[in-house]
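Each remark here refers to the structure printed beneath this line.
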Amino acid sequence: MTVPVPTPKADTAVVLMLDPTDRQGYAGAGWHADDVVRVQAALRSIWPDLPHRLNTWRPMPAGTVDAPDGDRGRDESPYFTDARRLADAVAAQPYRRLVVVRPAVVLWPDAVLRHALEEACRRDLDVLTLRGIQPDILHIVSRRAMALVVATGGVPHALTVPQALQRLAAAGVALNSAALQIGLDEDVAAGPVEDVRRLPSRWWRGMPDPGVLAVPPQERFAWAIDADRRSGDEEAARTLATAARHIERTGSRPATLVCLPSMYQTGAHAAWAELLEDLSPDDVAFVVGGATLLHDRLIAGGFLLFGVRDGLAPNSASDMAVVEGALQLLAPTVVHLDGAECANIAARSAARGAGVVQHVRLNVVDRFRPTFVHADAVIGSSAWLCEQIATRVAPSTRVVHLPDGVRRTPVEPRGD
């Protein structure tokens with residue numbers, strides 16, 4: 001006997017999440033009212049029979065909400081995590097299940113997205129995520145799953161409900177006792193699902209290029225890959241040309257190149273911003289993302305700056321082209337890396353004969369292991385970190401403790 005698949009009804013709502021674009025170190029692209037309206041229209045074409053809501057971190061421009069309910073279809077929240085934002089939004093609403101999406105979800109075929117919701121309904125799942133699509137971009141969650149996460153008082157380092165549940169399970173919380181039906185990272189799509197990791201994170205949480213919505217849904221991901229490559233090549237070429245003119249105009253070629261990833265590296269950015277008054281533009285150049293306070297201060301201070309648009313994301317061809325160009329233009333003596341995902345840059349730098357210094361400010365030391373292989377020195381911001389680092393690096397690698405990651409006086413050279 002064929003079991004009928006439940007059809008989503010009014011107890012399910014689609015919630016489009018929009019993130020702040022002015023957080024220091026955040027590499028997401030900005031959004032405008034017209035862009036939001038276009039994405040909302042695309043979502044309504046996928047799920048035409050469901051109520052749609054907009055969840056923002058701050059007030060939206062007038063005329064943004066494309067819904068019969070107008071402002072009543074919009075929720076604003078002061079919280080950063082999805083769980084808190086969504087809990088506030090649905091507290092007074094009758095929804096039993098939410099399809100939580102960010103604008104990048106329109107890159108996947110409509111049939112894939114519809115089938116995901118049908119599967120969640122058929123299996124009566126409390127949480128569903130798809131393999132290849134980050135939970136930030138798409139997850140389906142029940143009211144009781146959200147209530148469980150909110151009741152814990154917040155789960156550290158978890159933005160979405162699926163991430164929070166994964167961390168609770170890893171910590172030994174018996175989720176089965178809560179009678180939750182969970183399907184994480186599942187392959188339940190109606191067709192092949194492109195892996196979002198092929199695109200820089202700017203596409204994951206930012207607003208997609210308006211041109212992508214003019215492309216048939218099944219062709220959008222390939223279009224995004226090609227558009228990102230073309231625009232990245234052009235932007236990298238402009239950045240390197242500007243840097244070459246700076247070197248010609250000033251006559252200086254700094255011997256130290258500092259590379260700072262821009263995704264959430266606010267501590268590193270603040271530390272370097274504090275040190276700028278003690279540094280000379282003749283000695284130090286920087287590779288850093290554009291949407292940061294540090295970027296603006298470097299320009300004001302006359303430093304040679306290689307701007308990157310994706311926060312030095314390892315899968316950004318544009319950013320890696322800028323790094324390679326900076327290494328060619330400067331042939332630096334030292335490359336100072338201040339972030340956890342810099343193994344690719346470390347390998348490129350070491351291959352060119354530069355000394356590699358890795359700065360560690362995070363207590364998850366193993367994230368830096370791929371860089372330690374190439375490092376001549378490693379800086380830790382606490383004594384405990386330095387102890388952990390010393391057990392993971394070669395005997396010839398120097399480990400230096402700089403409290404809080406900032407020191408205004410030079411470190412004495414080692415005798416050997």
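In the neighborhood of ALA243, defined by Cβ-to-Cβ distances under 12 Å, what is the net charge if each Lys or Arg adds +1 and each Asp or Glu adds -1?
Numbers: positive: ARG238, ARG245, ARG249, ARG253; negative: GLU248.
Net charge in that neighbourhood comes out at +3.
The range 221-252 and the range 290-354 have Cα centres lying 13 Å from one another. Our coupling estimate for the range 82-88, obtained by passing each phi through the Karplus curve with A = 6.51, B = -1.76, C = 1.60 and θ = phi - 60°, is 4, 4, 5, 4, 6, 4, 4 Hz, Gly and Pro reported as x. Using the Cβ-Cβ distance between GLN181 and ARG253 with R0 = 51 Å, the FRET efficiency computed as 1/(1 + (r/R0)^6) comes to roughly 0.25. What's the FRET efficiency of ASP88 with ASP366 using the Cβ-Cβ distance as r and R₀ = 30 Å, to the nearest 0.05? The pair ASP88/ASP366 has a calculated efficiency of 0.25. Dipole orientation for the range 223-339: of the candidates SER318, THR250, ALA271, THR250 has the Cα lying most toward the positive pole (charges on Cβ; Lys, Arg +1; Asp, Glu -1). Would you mind getting the accessible area per residue of the range 192-235, heavy atoms of the protein chains only, 1.4 Å probe, in Å²? That works out to 51 Å² for each residue.
The values are calculated or read from the model by the stated rules, or taken from the named source; none is laboratory data. Since this is a predicted model, take the numbers as computed values, not measurements. All Cβ positions, even for glycine, are placed from backbone atoms using ideal geometry, and neighbour counts span all protein chains on display. These area figures cover heavy atoms from the full protein model, side chains too; ligands, DNA and RNA do not enter into them. Shrake-Rupley method; radii C 1.70, N 1.55, O 1.52, S 1.80 Å.
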